[in-house]
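A.B. asks: I have a structure here, written as structure tokens, and I will follow up with some questions on it.
Throughout, read-outs are computed from the coordinates displayed, never taken from laboratory work. Since we're looking at a predicted model, the values are computed, not measured. Here the Cβ is made from the backbone with ideal geometry for all residues, glycine too, and neighbour counts use every protein chain on show.
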């Protein structure tokens with residue numbers, strides 16, 4: 001369902017329909033879901049009440065649309081854990097997708113998210129939606145409250161070559177004990193000193 005209709009000039013969007021430069025919807029349509037599934041990268045933004053805003057690029061095969069108002073994405077081990085810390089302070093998340101191919105489009109999802117860690121009963125179901133990911137640290141189950149599309153005219157053309165194998169190689173070299181040590185050393189507080197809530201055995 002379309003929520004807002006701008007009076008700006010119409011463009012032909014990547015979803016194969018006429019749309020204004022910016023449109024808002026209360027759910028993910030089938031065409032939105034097809035566009036999301038075709039993207040090789042997405043960006044996750046979060047912020048606490050105070051401190052720095054975080055934006056993280058996410059690749060690999062790590063996001064699924066599970067319904068008109070639900071997406072789940074799998075988070076690997078990284079050098080920080082800002083998303084978890086921010087959600088503990090204020091539950092809000094924005095995910096952005098961009099078309100880097102022939103037809104321009106930007107699509108944003110706005111909503112809230114529930115974090116699921118490997119020691120929780122929901123983990124096996126959510127992690128099972130994805131190919132195995134060494135070092136997977138959390139799954140985020142996002143309830144989408146708003147979908148916004150816009151033109152993407154300023155986004156450059158980029159050609160996808162391949163996924164990097166480095167994350168899996170790094171996690172494999174670390175091994176389970178090394179990953180636990182890394183989580184304990186790097187992932188328990190944000191860069192602003194906020195606790196992330198990550199449970200390390």
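A.B. asks: I need the full set of residues from region 175-189 which are touching a residue at least 40 places away in the same chain (Cβ under 8 Å) and assigned to a helix (DSSP H, G or I), in order please.
C.D. replies: 179, 182, 183, 186
A.B. asks: Please find, among 94, 83, the residue that is out of contact with any helix residue (DSSP H, G or I) (no Cβ under 7 Å at 6 or more places or on another chain), more than 20 Å from residue 22 (Cβ to Cβ) and not in a loop (DSSP other than H, G, I, E, B).
C.D. replies: 83
Residue by residue, here is whether (1) within 24 Å of residue 93 (Cβ to Cβ); (2) surrounded by fewer than 18 Cβ atoms within 10 Å (Cβ to Cβ) holds:
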{"residue": "112", "(1), (2)": "yes, yes"}
{"residue": "142", "(1), (2)": "yes, no"}
{"residue": "171", "(1), (2)": "no, no"}
{"residue": "174", "(1), (2)": "no, yes"}
{"residue": "178", "(1), (2)": "no, yes"}
{"residue": "186", "(1), (2)": "yes, yes"}
{"residue": "198", "(1), (2)": "yes, no"}
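A.B. asks: Among the residues of region 118-132, which ones are in a loop (DSSP other than H, G, I, E, B) and in contact with a strand residue (DSSP E or B) (Cβ under 6 Å, 6 or more places away or on another chain)?
C.D. replies: 122, 129, 130
A.B. asks: Right, here's the next one. In region 149-169, which residues are under 24 Å from residue 31 (Cβ atoms) and either part of a loop (DSSP other than H, G, I, E, B) or free of Cβ contacts under 8 Å to residues at least 24 places away in the same chain (or both)?
C.D. replies: 151, 152, 153, 154, 155, 156, 157, 158, 159, 160
A.B. asks: Inside region 60-71, can you point out the residues that are part of a strand (DSSP E or B), in contact with a strand residue (DSSP E or B) (Cβ under 8 Å, 6 or more places away or on another chain) and either surrounded by fewer than 22 Cβ atoms within 10 Å (Cβ to Cβ) or free of Cβ contacts under 8 Å to residues at least 40 places away in the same chain (or both)?
C.D. replies: 63, 64, 65, 66, 70 - these are the residues of region 60-71 that are part of a strand (DSSP E or B), in contact with a strand residue (DSSP E or B) (Cβ under 8 Å, 6 or more places away or on another chain) and either surrounded by fewer than 22 Cβ atoms within 10 Å (Cβ to Cβ) or free of Cβ contacts under 8 Å to residues at least 40 places away in the same chain (or both).
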